[in-house]
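Encoded as structure tokens, the structure appears first; notes follow it.
The values are calculated or read from the model by the stated rules, or taken from the named source; none is laboratory data. If you're wondering where the values come from, they're calculated on a predicted model, not measured in any experiment. Methodologically, a virtual Cβ is constructed for each residue, glycine included, from the backbone with ideal geometry; neighbour enumeration extends over all protein chains shown. These area figures cover heavy atoms from the full protein model, side chains too; ligands, DNA and RNA do not enter into them. Shrake-Rupley method; radii C 1.70, N 1.55, O 1.52, S 1.80 Å.
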Amino acid sequence: THGSEADPPPKLTAQSSSTMAGARNENRDESLPLMPADTKDTRPPPFILDVGDSPDIYLSVLLACFNAVRFQSKAGSSPKVHPLFLLCLSIPIFIVQVSAVLTLRTGLDVDQEVFDPGSIHSECLLKLKLVLIGVVNLTCFDNMMVAVANLVVLLNPLIWVEIERPSWRNAPFVARFSNSNCVRCLIHPATVAWFIDSVAVKPCAYVAVAMRFVVVYLVCVDSVSIILSADSAKDAIFDSLAITFVTDLGATWWTLCRRSFCLEKLKDARVNVREGVWELSGKLTQHANDGHSRLFACWTSLLARLTSWCGKPSFLRIGHGAEKISNVTSLLVLLVIYTRQLFIVAHAIDSNVLPAARDLCVEMNFKHLHSSIADMCWAAFDHLLLTGADEMLDYAERKTKLDENCENGLWYPLDFEDIKRLALTYPVPLSFCAALMFALLVIPTIMVDWG
């Protein structure tokens, strides 16, 4: 033995090293706060507003109501855009789109027949026209779907209570406008701030989505008459392309406005859901209706009680069925719209009269209603169009036998008796098309949401 020599250090084995590592981990874990294993984020998931594949100026108004549209800024913060500003930008293109569609309607020769029953070429051309009508409706499907889905979402009062909406009371432009000398002499600054923050927000969303729906619906309805009135296959194809171009004007106008005013691109908005809106019993709290009118607060409280039973929360609440109800409702509305389109086409072929002739009769009958409200609505409609509603209708009366056929009742609009008669006359093709639309629109959504 050599006592003067130092003993060599003990050799670490795999077992001893793992023991020491476990001891270090235990010491480190003791210094950290203990978290329960079943801890979950109780904050409800965000609500998503769909903008579809081609966002336009109308959807920018909707997203601006939920703080999803901002100016481009290289600084840290990007100023938000008020929806009233975007709504003013959307009005000119809405007038252009509606004027273009209605001018095409009045320019048609509604006296001509849809097809010649004794001509083989006319019957073959009719089959091509029916295919093109279906293609146009498929092209407009995404725009129609987004418009209807957003409109259904906005019609749910509980969603307006639950979602977080931005406030413009402290925005720089609101402070400068409400505190200006001209405004202070007429209205109190607090009233101006309240109007810009609350009153001028919700109607903008409704008006913008309604304008988008009107444009897409007019394109789908009038495309039937425009395609059926074509004299050749080339004219039918070019007419179908031209009418779908009208729906794309909204996206083109939004691109111009976005680049002119340096706005950010649109994307699906993830709107946060407010906390503390509901009590444990399922009733609305006192501060849930802050920023809403007293009548709206009473209506939402009553609706929340009527749509909840057996101790379960209201099925119109976000995360408790509002998304499923909105999806199915919007698809059912689309099913009704496209089913009506199907019967409009069948009625045109059965009667050999263009649908535009019946629409012009409706306009003429509305114009000659002896009512002050009807006169005011027609005057507003006349000033809305670029070409003027009176001038277009007078041109159609001079060009065709519109006045005579409307007074005799030959060009009456489609009613329930016509739908029943057409269903009994053409049961196989109409049932097949209706079942196909139901299978494509409703069944997949039901299987995904409730499967």
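For the reader, a short list of remarks on this structure follows.
- So Leu62, is it surrounded by 13 or more Cβ atoms within 10 Å (Cβ to Cβ), in contact with a Leu (Cβ under 8 Å, 6 or more places away or on another chain) and at pLDDT below 85: no
- Scanning region 421-437 for residues that are loosely packed, with under 12 Cβ neighbours inside 10 Å and closer than 30 Å to His320 by Cβ turns up nothing.
- Those residues of region 84-99 which are open to solvent by 40 Å² or more (accessible area, probe 1.4 Å) and within 25 Å of Ile133 (Cα to Cα), in sequence order: Val96
- Here the condition is being farther than 23 Å from Pro117 by Cβ, within 33 Å of the chain's Cα centre (by Cα) and exposed (fewer than 14 other Cβ atoms within 10 Å of the Cβ); of Ala389, Ala379, it holds for Ala379 alone.
- Residue match in region 355-368 (condition: in contact (Cβ under 8 Å) with a residue 60 or more places away in the chain and touching a His at 6+ places or on another chain (Cβ under 9 Å)): yes
- Filtered by the rule that a residue be within 19 Å of the chain's Cα centre (by Cα) and within 16 Å of Tyr58 (Cβ to Cβ), region 221-264 gives Val246, Thr247, Asp248, Leu249, Gly250, Ala251, Thr252, Trp253, Trp254, Thr255.
- For first residues located in region 72-87 and more than 23 Å from Asp56 (Cβ to Cβ), partners that are at pLDDT 80 or above and open to solvent by less than 20 Å² (accessible area, probe 1.4 Å) and lie 6+ apart or on another chain with Cβ distances below 8 Å do not occur.
Residues are listed down the side, and each one gets a yes or a no for (1) open to solvent by 20 Å² or more (accessible area, probe 1.4 Å); (2) modelled with pLDDT under 80; (3) part of a loop (DSSP other than H, G, I, E, B); (4) acidic (Asp, Glu):
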{"position": "Ala236", "(1), (2), (3), (4)": "no, no, no, no"}
{"position": "Leu266", "(1), (2), (3), (4)": "yes, yes, yes, no"}
{"position": "His292", "(1), (2), (3), (4)": "yes, yes, yes, no"}
{"position": "Arg305", "(1), (2), (3), (4)": "yes, yes, no, no"}
{"position": "Ile325", "(1), (2), (3), (4)": "yes, no, no, no"}
{"position": "Thr329", "(1), (2), (3), (4)": "yes, no, no, no"}
{"position": "Val336", "(1), (2), (3), (4)": "yes, no, no, no"}
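- Any pair with Cβ under 6 angstrom, 6 or more apart, that starts in region 96-115 at a residue that is farther than 17 Å from His383 by Cβ and ends at one that is among the polar types (S, T, N, Q) and open to solvent by 10 Å² or more (accessible area, probe 1.4 Å): Leu108/Ser229; Val110/Thr400; Asp111/Thr400; Glu113/Asn352; Val114/Asn352; Phe115/Ser122
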